[in-house]
Amino acid sequence: MNDKIVLTGIKPTGTPHIGNYLGALKPLIELSQNHKTIMFIADLHALNAEKDAKALKQHTYEIAALLIAAGLNLENAILFRQSDIDEIYKLSNFLMNVTPKGLMNRAHSYKAMVEKNTESGVDVDAGVNMGLYTYPVLMAADILLYNSDIVPVGKDQKQHVEFARDIAGYFNNTYGETFKMPEPVIGEDIGLIPGLDGRKMSKSYDNTIPLFAPSNELKKKIMRIITDSKTPEEPKNPDESTIFQLYKQFASESETETFRKMFLDGGMGYGTAKTMLFEKIDSVLSKPRAEYERLLNNKQEIDAILQSGADIARKIASRTIEKVKKKMLG
Ligand code: TRP
């Protein structure tokens, strides 16, 4: 067991797809096998955009069920809902007072909104609520509240972890050594996970394959993968094929080599290749999918896991808040 504490939050913004799983969730689940892991569903972070409480709650359950079904090691990991820890609202508010406004102006996601607004000739802050503007402070609070060492994130979130370090630094400089400096760890690049149309799998391109779609839906999606128009006889380039790129994520090395050869040799039509891809994904996912469905039909089981995680998280969090209050308020 590694003695570094890993912390991460996952925003519940939609039913998770294969791209989310391979790019972000699977590596986190692997880390939990040999690290103490603090993992939460960042429902508060979704609030600046998601106004439908029912959808938010359902997506929270889906992410939790997915993590549990896909093998999050609950002996090493605590899993909870961010909003269940009252201390997060407190720390976030305290940190506002050491966070320069200028730092927030430099946040990528806010800057992107300002640029878009400027281009369209409307007020720079049109459509920007304070939840979006202060998103990095809430995230710094997440990271600093639990004394974590390592924060594994995607490239797009690296700036937020750096901001958490900046904010910890401002606090420590003002009030004396209080917060540990967390390290961002950017996951190794597993390459592009293509969606149905060959572009990066993403909700915004509407080209996703849901991770735990029922078998028949999975098959329908896979059959819709766009290919070139090579005949079955022609040799095909596996490295340019969405079918092959997805297959290798689920298959063993020797299966992948066999499949690669079938592409290069010719004689295999795309219909056959898609059927092989479907059968591979379906067999790998059938067990966790059944567990995922079972959990979603027994939400009280998910609640129990989230609550016991929250109980532990709250203990750590309340010690941090005591310390901070003492430093700031005497
Ligand atoms: N902002 C992250 C995202 O959109 C989610 C998140 C919230 C997070 N709090 C965190 C990630 C703390 C790492 C640590 O993906």
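Check whether at least one residue in the range 16-24 is closer than 26 Å to Met181 by Cα and out of contact with any Phe, Trp or Tyr (no Cβ under 8 Å at 6 or more places or on another chain), and report yes or no. Give the derivation first.
Of the residues in the range 16-24, the ones closer than 26 Å to Met181 by Cα are 23-24.
Remaining after also requiring out of contact with any Phe, Trp or Tyr (no Cβ under 8 Å at 6 or more places or on another chain): 23-24.
Yes, the range 16-24 contains a residue that is closer than 26 Å to Met181 by Cα and out of contact with any Phe, Trp or Tyr (no Cβ under 8 Å at 6 or more places or on another chain).
Taking the criterion of being farther than 21 Å from Ala290 by Cα and assigned to a strand (DSSP E or B), would at least one residue in the range 91-109 satisfy it?
Filtering the range 91-109 down to residues farther than 21 Å from Ala290 by Cα leaves 91-109.
Cutting the leftovers down to assigned to a strand (DSSP E or B) gives us none.
No: zero hits.
Among residues of the range 132-157 being more than 10 Å from the ligand (Cβ to nearest atom) and of a type in the set (D, E, K, R), the one that is surrounded by the most Cβ atoms within 10 Å (Cβ to Cβ) is Asp149. Comparison of His108, His45, His59 shows that the only residue that is closer than 29 Å to Asn172 by Cβ, within 15 Å of the chain's Cα centre (by Cα) and within 16 Å of the ligand (Cβ to nearest atom) is His45. Taking the range 114-131 as the range and being open to solvent by less than 50 Å² (accessible area, probe 1.4 Å) and either part of a helix (DSSP H, G or I) or not assigned by TED's automatic domain parsing to the domain that holds Tyr89 (or both) as the test, the residues that pass are Val114, Asn117, Gly131.
Candidates in the range 4-32 are the residues that are touching a helix residue (DSSP H, G or I) at 6+ places or on another chain (Cβ under 8 Å) and open to solvent by 50 Å² or more (accessible area, probe 1.4 Å); of these, the one that is nearest to the ligand (Cβ to nearest atom) is Lys11.
Screening Ile167 against (1) surrounded by 13 or more Cβ atoms within 10 Å (Cβ to Cβ); (2) at pLDDT below 95; (3) of a type in the set (A, V, I, L, M) leaves a single unmet condition, (2).
The values are calculated or read from the model by the stated rules, or taken from the named source; none is laboratory data. Note that the structure is a prediction, hence the values are computed from the model and not measured. For neighbour counting, all protein chains shown are included, and Cβ atoms are generated from backbone atoms with ideal geometry for every residue, glycine included. The protein model used for the area step is the full one, side chains on, heavy atoms only, and it has no ligands, DNA or RNA in it. Shrake-Rupley method; radii C 1.70, N 1.55, O 1.52, S 1.80 Å.
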